[in-house]
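A.B. asks: Here it is, the structure in full.
The values are calculated or read from the model by the stated rules, or taken from the named source; none is laboratory data. Fair warning: this is a prediction, and the values are worked out from it, not measured in the lab. Here Cβ is always computed from backbone atoms with ideal geometry, including for glycine, and neighbour counts include all displayed protein chains.
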Amino acid sequence: MKHAVIGAIAAITLGTAAEAQQNVVVGHSLSPTSHYGVGAQAFIDTLTDLSGGAFTGEQAPAGQLGGERDMIEGLQIGSMDVVITSTGPLGNFVPEIYALDLPFLFRDYDHARKVLDGEIGQELLDKIGENNLVGLAWTENGFRHVTNSQRAVRTPADLDGLKLRTMENKVHMAAFQGMGAAPTPMAFPELFTAMQQGVVDGQENPVTVITAAKFWEVQKYVSLTGHVYSPAVVLASPALYDGLTDEQKSWFQQAAKASAAASRAEVNRLEEAGIALMRENGMEVITDIDKAPFAELAEKSSYSVYTDQYGTEMIDRIKAVE
Ligand code: PAF
């Protein structure tokens, strides 16, 4: 509620809340130098510039204010201002979003970015807006890959019985159950210790996250399964956003777009540089993976989590985007 306190003090001095200087806290789960950190800073810098300093900002990085699920709840009750989060826990609040979490749905980065920047992305941001949250812009986490401490994973049989942390996302859990692993949902702030202590054998995340979190300290193997694209979104609290003028709202929207562009540029850079970085830090990077058997099992076990409720229309529309 920092913005509210500062806003209240400034409002006394300046007269109206619209004129008051507000400090916006941007929460996320990774380090300030990660792709989320770079995106958060771009948000803050753009908002400060556009508003001529009427809004300032600061990052609350590395899950300081809780895991992604906690931060989303914080937005709903007004204790958080702005959050950059993966869609991992978002389906618990906006079930239509599960469509984006389906494994082996997006062909590549171009496909995913086109879908999210187009009509479908806007429709889903609007859905978010119907659930006591404000969806400002789609940003990105990246294609997720499996890491573990036990063995090189090349086929679904290699996943057999592997205790694998997943996000708190029922599509992902169903997918990994289908592929043979033992999925264990867990908030990200607990993950490093859980791997260190052997509570789980592995996890799955994009190169961006594996490198930002230095998972090589507790994981030996990374298999480039690319089993699911992990979108991220810049969310704001209705408690903050609904009180803004139209001009201020447009600053927030532009800041969120700048944030997405900065994060995506960092994802692009790390997709290249990250593989070398993981190898330099002692990880065995497994690249010769036939994705077809993983896809067959994952689709069979997880698509119905979404289609039982919403049918296949959205999936067909996403696949049709060229
Ligand atoms: O694994 C997760 O929970 C997410 O990918 C992360 C690292 C919090 C980034 O959104």
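A.B. asks: Residues being closer than 30 Å to TRP251 by Cβ and surrounded by fewer than 20 Cβ atoms within 10 Å (Cβ to Cβ): count how many of those fall in the range 195-238.
C.D. replies: Applying the first criterion (closer than 30 Å to TRP251 by Cβ) to the range 195-238 yields 206, 208-209, 212, 229-238.
Filter once more, so that each one left must be surrounded by fewer than 20 Cβ atoms within 10 Å (Cβ to Cβ): 238.
Final tally of qualifying residues: 1.
A.B. asks: Assuming ASP288 fulfils every condition listed in (1) farther than 24 Å from GLU68 by Cβ; (2) surrounded by fewer than 19 Cβ atoms within 10 Å (Cβ to Cβ); (3) modelled with pLDDT of 95 or more apart from one, which condition is it?
C.D. replies: (3)
A.B. asks: Take VAL228 and decide whether it is away from the ligand (no atom under 12 Å from the Cβ), of a type in the set (Val, Ile, Thr) and touching a strand residue (DSSP E or B) at 6+ places or on another chain (Cβ under 6 Å).
C.D. replies: Numbers: away from the ligand (no atom under 12 Å from the Cβ): no; of a type in the set (Val, Ile, Thr): yes; touching a strand residue (DSSP E or B) at 6+ places or on another chain (Cβ under 6 Å): yes.
Considered against the rule, which asks whether it is away from the ligand (no atom under 12 Å from the Cβ), of a type in the set (Val, Ile, Thr) and touching a strand residue (DSSP E or B) at 6+ places or on another chain (Cβ under 6 Å), VAL228 comes out as no.
A.B. asks: State which residue pairs qualify: first residue part of a loop (DSSP other than H, G, I, E, B) and inside the range 172-192, second residue at pLDDT 95 or above in any location, beta carbons under 6 Å apart, and separation of 6 or more residues or different chains.
C.D. replies: Pairs that qualify, where the first residue is part of a loop (DSSP other than H, G, I, E, B) and the partner is at pLDDT 95 or above, are GLY180/PRO156; GLY180/LEU159; GLY180/ASP160; ALA181/LEU159; ALA181/LEU162; ALA181/LEU164; MET186/ARG165; ALA187/GLY67.
A.B. asks: Is the range 33-42 home to any residue that is touching a residue at least 24 places away in the same chain (Cβ under 8 Å) and more than 15 Å from the ligand (Cβ to nearest atom)?
C.D. replies: Yes, there is a match, as at least one residue in the range 33-42 is touching a residue at least 24 places away in the same chain (Cβ under 8 Å) and more than 15 Å from the ligand (Cβ to nearest atom).
A.B. asks: Being over 30 Å from THR46 (Cβ atoms) and of a type in the set (A, V, I, L, M) is true for just one of ALA256, ALA320. Which residue is that? Steps first, answer last, please.
C.D. replies: Values: ALA256 fails: over 30 Å from THR46 (Cβ atoms).
Only one candidate passes the filter, namely ALA320.
A.B. asks: Let me ask another. Against the conditions (1) in contact with a Lys or Arg (Cβ under 7 Å, 6 or more places away or on another chain); (2) buried (at least 20 other Cβ atoms within 10 Å of the Cβ), where does ALA174 fall short? Just the number, please.
C.D. replies: Exception for ALA174: condition (1).
A.B. asks: One residue is enough: does the range 205-225 have a residue meeting the conditions more than 22 Å from SER31 (Cα to Cα), within 14 Å of the ligand (Cβ to nearest atom) and touching a helix residue (DSSP H, G or I) at 6+ places or on another chain (Cβ under 9 Å)?
C.D. replies: No, there is no match, as no residue in the range 205-225 is more than 22 Å from SER31 (Cα to Cα), within 14 Å of the ligand (Cβ to nearest atom) and touching a helix residue (DSSP H, G or I) at 6+ places or on another chain (Cβ under 9 Å).
A.B. asks: Could you please let me know if THR139 is closer than 19 Å to ALA295 by Cβ, touching a residue at least 12 places away in the same chain (Cβ under 8 Å) and either out of contact with any Lys or Arg (no Cβ under 6 Å at 6 or more places or on another chain) or within 16 Å of the ligand (Cβ to nearest atom) (or both)?
C.D. replies: No: the conditions fail for THR139.
A.B. asks: Quick one: how many residues across the range 274-294 are under 30 Å from LYS214 (Cβ atoms), in a helix (DSSP H, G or I) and either touching a residue at least 24 places away in the same chain (Cβ under 8 Å) or among the β-branched types (Val, Ile, Thr) (or both)?
C.D. replies: Qualifying residue count for the region: 6.
A.B. asks: Moving on. If I ask for residues that are outside any loop (DSSP other than H, G, I, E, B) and closer than 12 Å to TYR36 by Cβ, which ones from the range 53-70 would you list? Don't jump to the end; show me each part of the working.
C.D. replies: Taking the range 53-70 and keeping what is outside any loop (DSSP other than H, G, I, E, B), we get 55-60, 68-70.
Across the range 53-70, the qualifying residues are GLN59, ALA60, GLU68.
A.B. asks: Take the residues in the range 93-112 that are part of a helix (DSSP H, G or I) and over 14 Å from the mean Cα position of the chain (by Cα), then tell me which one is nearest to the ligand (Cβ to nearest atom).
C.D. replies: TYR109
A.B. asks: I'd like the full set of residues that are in contact with a strand residue (DSSP E or B) (Cβ under 9 Å, 6 or more places away or on another chain) and either in a helix (DSSP H, G or I) or more than 11 Å from the ligand (Cβ to nearest atom) (or both), limited to the range 193-204.
C.D. replies: Listed by number, the residues that qualify are ALA194, MET195, GLY198, VAL199, VAL200, ASP201, GLY202.
A.B. asks: Among the residues of the range 80-98, is any without any contact (Cβ under 8 Å) to a residue 12 or more places away in the chain and of a type in the set (Ser, Thr, Tyr)?
C.D. replies: no
A.B. asks: Now for a separate question. Report the residue count in the range 105-123 for those that are touching a residue at least 40 places away in the same chain (Cβ under 8 Å) and farther than 12 Å from ILE318 by Cβ.
C.D. replies: Qualifying residue count for the region: 2.
A.B. asks: Could you tell me whether the range 79-86 includes any residue that is modelled with pLDDT of 95 or more, in a loop (DSSP other than H, G, I, E, B) and more than 16 Å from the ligand (Cβ to nearest atom)?
C.D. replies: yes
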